[in-house]
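Novice: Quick one: the structure is below, questions incoming.
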Amino acid sequence: MIVCHLTKPESTLDQVRKAYPKLKPTDAALIASSLVLSGRYAIAVYDDKKYSWPEETDKLTSAMLAQMHQIQETVSVATKKADRIAIEEDTVEVKIGLLANYAAGERLLGERKDLKTLLSDILGEGVEYQFGPQDIIGWQWALDRANWHTLTDGELTRRVKLRAVFEDNSVGVELGASGTKKRVARPKPAPAVVAPEPEPVEEEAADDTD
């Protein structure tokens, strides 16, 4: 699996050269740049439909409105004020699937059918897309800036965190500030298991007898 850093094409180029040493330097550079574009312009998948960034941003957010209303309903059914406050303060995480965008990478290759075939083979085998906290993945950028309070006419009061997650054969790896791997995003991750808080241990009463 080739590692592709979304904002460091030179790092991706090293990976391509290592995997395909017979490629000409210019061809390797084209493949590396195509891989970066395929990640940055990844296709979003929601409710079995695909959306391209940035031209279909409004379509995706409109498609997600029904889910946002369902999330808000969990507040409405709470009868006690304390329960409603607790629910609103609890963040709900919504995941959007991402697929590597072959067409975005292919456009850079022009009429080179041999390089297009190679790009298809690499994406078919899967790519590890690496990115830092400030790096741009088109859909994550768009989802982070969607104003759901306005889109739901002020009805959404719950905190919602949207995460764009690579699926299919590819994975996304978020790097920390030091360059270390922080989190690997995989398709359909299992729900996190929260360990119960340990029960307080009662201290034995001191013996007051002499």
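Each reported figure results from applying straightforward, stated rules to the coordinates on display, with no laboratory input. The model shown is predicted, which means the values in this text are computed figures rather than measured ones. With ideal geometry, Cβ positions are generated from the backbone for all residues, glycine too; neighbour counts draw on all protein chains shown.
Novice: Pop out the ³J(HN,Hα) list for the stretch 105-119 in order, Karplus 6.51 cos²θ - 1.76 cosθ + 1.60 with θ = phi - 60°, rounded to Hz; leave Gly and Pro as x.
Specialist: Working through the residues one at a time gives x, 5, 4, 6, 8, x, 9, 6, 5, 5, 6, 5, 5, 5, 4 Hz.
Novice: Among TRP148, TRP139, what is the fewest-to-most ranking by other Cβ atoms within 10 Å?
Specialist: TRP148, TRP139
Novice: When a footprinting reagent is the concern and you count Cβ atoms within 10 Å, what order do GLU167, GLU73 take, fewest first?
Specialist: Details: GLU167 19, GLU73 12.
If I rank by nearby Cβ atoms, fewest first, I get GLU73, GLU167.
Novice: From the backbone phi of the stretch 12-24, what are the Karplus-calculated ³J(HN,Hα) couplings (6.51 cos²θ - 1.76 cosθ + 1.60, θ = phi - 60°) in whole Hz, Gly and Pro given as x?
Specialist: Result, rounded to whole Hz: 5, 4, 4, 5, 5, 4, 5, 6, 10, x, 8, 5, 5.
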